[in-house]
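The values are calculated or read from the model by the stated rules, or taken from the named source; none is laboratory data. These numbers come from a predicted model, not from an experiment. Here the Cβ positions follow ideal geometry from the backbone for every residue, glycine too, while neighbour counts run over all protein chains shown. Side chains are part of the model used for accessible areas, which takes the heavy atoms of the whole protein and leaves out ligands, DNA and RNA. Shrake-Rupley method; radii C 1.70, N 1.55, O 1.52, S 1.80 Å.
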Amino acid sequence: MTVPTLKPGRPYPMGAHWDGEGVNIAVFSENASKIELCLFSRDGAAEVQRCPLPERTGAVWHGYAPGLGPGALYGLRAHGPYAPERGHRFNPNKLLLDPYARELHGAWADSEALLGYNPQAPELDLSLDTRDSAPYVPKSVVVDANCYREHERRTLRRWADTFIYEAHVQGLTRQHPDVAEALRGTYEGLASDPVLEHLDKLGVTAVELLPVHAFVDDGFLLKRRLRNYWGYNSIGFFAADPRYHGPAGAAGFREMVRRFHAAGIEVILDVVYNHTAEGDHRGPTLCFRGLDNASYYRLHVGQPRYYVNDTGCGNTLNVAHPHVLRMVLDSLRYWADEMRVDGFRFDLATTLGREAHGFDPAGGFFDALRQDPVLSRVKLIAEPWDVGPGGYRLGEFPPEFAEWNDAFRDSARKFWRGDLHGAQDLAARLLGSAGDFDRGGRRAWSSINFVASHDGFTLADVTSYAQKHNHANGENNRDGHHTNFSDNCGVEGETEDAAVLERRARRRRNLLATMLLAQGTPMLLAGDEIGNSQHGNNNAYCQDNPIGWIDWENADPELLEFVRRLSAFRRANAAMRQSRFLHGAVRAGDGLPDVEWRALDGGPLNWRDTSLCSFGLLVRLSANAATDKADAAFLVFNGERIAAEVAMPGVLPGRSWRRAVDTARPADDVRICEPGIPQPVSERSVVAFELCEAEP
């Protein structure tokens, strides 16, 4: 449809908003000379009208289109200097996505017309390309925001009770035999009954989804007939990516969240605000680059043609700019308030906290987030590193954040591989990595403990491959982590050797037990509970195929049952889920310390022994716990190659220990231990004992 001349409108809210009679459009650009609203036909194929936004208030261009309504398709064109050597890349020949678009119509096409420059010109990106990119660009969609106004009541779970399941929207269900075929790979399929039942039996309390923000497939991947499967290439921070739409279309995301909440499961989004899909100076002009390159991105001082690349992805979003910061916060509030998600995991979060003087936990982004009345109440998780200077910042984020703890992952893998100092490294991690996190009022749940994540080997591959096998990625196996602390248990890759298979199975149980028996917040990679393999690929970011999808057909039912049992033990024992760090403080009620380290014979441990590979850990409720419950657990980690006996700690009259979890005998029934009798512990195994009433 066409509209009459635009009225002045208002500079807020940002984006295109329908008020029942027309649409107000507000767009930020500090350096443009003109911004045009471009309207398209219902199918998005034809541009039917261009309307210059008539007013500018500060750095916001705005206008009001009477009669325009929900479903209208539009884009933006920005006029201004094309001067890359001064940081400006305006090119009105390029149709731009509205940064605040709530929905997209169509998909990105792989075309050189998306480039703002002529790639055949000798001066490369200093040249100006005049081809119209509109045919190759999805159109922004005007939506009826009122459809999101009805909110169900949301109750956030305590951090101490949280068990996270990291999953990919498509990969989780693409090969699930019990999910209806029309729903596989969609938002609706993710929250279908078979998946909800699976998560409920696992005891999962939160799903952490790989990026769902609208993203772009990299041109170099398309040339290899691959795709950006993981989605860490965002371009639309307000729109759920259409590739996961099911029968309900864009409404499917909201229905997914509602169903998860009804099942008592929180939804956490992995969000990428550190960079965008536009890449470096050779990348396409899709949105931010064309609207105001010098404001949206961090450019090199003295050489603004080039981008600061603290992310390793070609560019770095300039969240220090007030309007860019505003956009990020608006995006977060939209997902939390209108789409009702329960938290966010910030990819390469160090980038977001980097000020002119370096990383600062009291920087502007963190201050804005922590004081926000909406965002300060949801779960916040940091990936505490990037590739910029001083990028590794484990334990240095504000106290409201939990953090992915890769040190826990590596310590657990090294211990069960038999590395020297393995016991000392693991011991530092089992009590919430207090050395990294116990400062400034932070809690033990701050450590997100995992043994595998989307980025790296799956758990099955940690125990089946000593080397990465990423040849399918088309990069000559140069990509992916080179140091994995993995072990093939005697044979590289697939085997029918029964002894090797049993060794791998126990190693997987040991690693899972280490994660779920540690203080902190456990995170399970989707598929690890059924032995899912990526065949040695530790960087499956481009494998939108069976390599990256979960293989339900070959699920390991015994491993699945073990994980359920292990999760139930953690859930039932408050000593396993404490908010406070444990340092051996004496409890006033019984004069006992809240934690004790023991050699297997009951004596003290020799921490100076570099070959130490077995120990016991007695965990009681914290001396400061707001309860007088007598919950306690005695955990035995035996990395020795021979079986042993462990002296059991004493208990109060009328109480006894019972063997609740044993990775060497995962299917055994719970057994009560005879008082004063040492208990057998198999080689290379974990055993968890819990308190119970003594038998009469």
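From ALA466, ALA402, ALA382, ALA427, grab the single residue that is farther than 14 Å from ALA518 by Cα and touching a residue at least 40 places away in the same chain (Cβ under 8 Å).
The match here is ALA402.
Look at the stretch 514-557 and say how many of its residues are of a type in the set (Phe, Trp, Tyr) and crowded, with 21+ Cβ neighbours inside 10 Å.
Residues that pass the stated criteria total 2.
Six or more apart or on different chains, Cβ under 8 Å: which pairs go from a residue in the stretch 545-556 that's within 18 Å of HIS454 (Cβ to Cβ) to one that's part of a loop (DSSP other than H, G, I, E, B) and of a type in the set (Gly, Ala, Ser)? Could you list them?
The qualifying pairs are ILE550/ALA526; ILE550/GLY527; ASP551/GLY527; ASP551/SER533.
Condition test on PRO70, is it in a loop (DSSP other than H, G, I, E, B), open to solvent by 30 Å² or more (accessible area, probe 1.4 Å), touching a residue at least 24 places away in the same chain (Cβ under 8 Å) and farther than 30 Å from HIS245 by Cβ?
Taking the combined requirement at face value, the residue does not satisfy it.
Given the structure, is VAL179 in contact with a Leu (Cβ under 8 Å, 6 or more places away or on another chain), at pLDDT 95 or above, of a type in the set (A, V, I, L, M) and closer than 29 Å to ASN554 by Cα?
The answer is no for VAL179.
Could you check LEU286 against (1) under 26 Å from GLU338 (Cβ atoms); (2) under 24 Å from the mean Cα position of the chain (by Cα); (3) outside any helix (DSSP H, G or I) and say which number it fails?
Looking at each condition in turn, LEU286 falls short on (2).
Residues of the stretch 73-103 being within 16 Å of GLY44 (Cα to Cα), touching a helix residue (DSSP H, G or I) at 6+ places or on another chain (Cβ under 6 Å) and in a strand (DSSP E or B), which ones?
Within the stretch 73-103, LEU96 is the sole residue that qualifies.
When the residues of the stretch 425-446 are filtered to those that are out of contact with any Phe, Trp or Tyr (no Cβ under 6 Å at 6 or more places or on another chain) and outside any loop (DSSP other than H, G, I, E, B), which remaining residue is nearest to LEU605 (Cα to Cα)?
This residue is ALA427.
Just to verify a result, which residue in the stretch 637-656, among those that are of a type in the set (A, V, I, L, M, F, W, C) and farther than 17 Å from GLY602 by Cα, is modelled with the highest pLDDT?
Among those residues, the one meeting the criterion is ILE642.
Could you list, ordered by first residue, the pairs with Cβ atoms under 8 Å in which the first is in the stretch 268-281 and over 21 Å from VAL204 (Cα atoms) and in contact (Cβ under 8 Å) with a residue 60 or more places away in the chain and the second is open to solvent by 10 Å² or more (accessible area, probe 1.4 Å) and part of a strand (DSSP E or B), at least 6 apart or interchain?
Within 8 Å, the pairs are HIS281/ARG305; HIS281/TYR306; HIS281/TYR307.
Given (1) under 24 Å from PHE366 (Cα atoms); (2) crowded, with 19+ Cβ neighbours inside 10 Å, where does LEU430 come up short, assuming only one miss?
(1)
If the requirement is being polar (S, T, N, Q), under 21 Å from PHE28 (Cα atoms) and in a loop (DSSP other than H, G, I, E, B), which of these qualifies: ASN315, ASN293, ASN309?
ASN315
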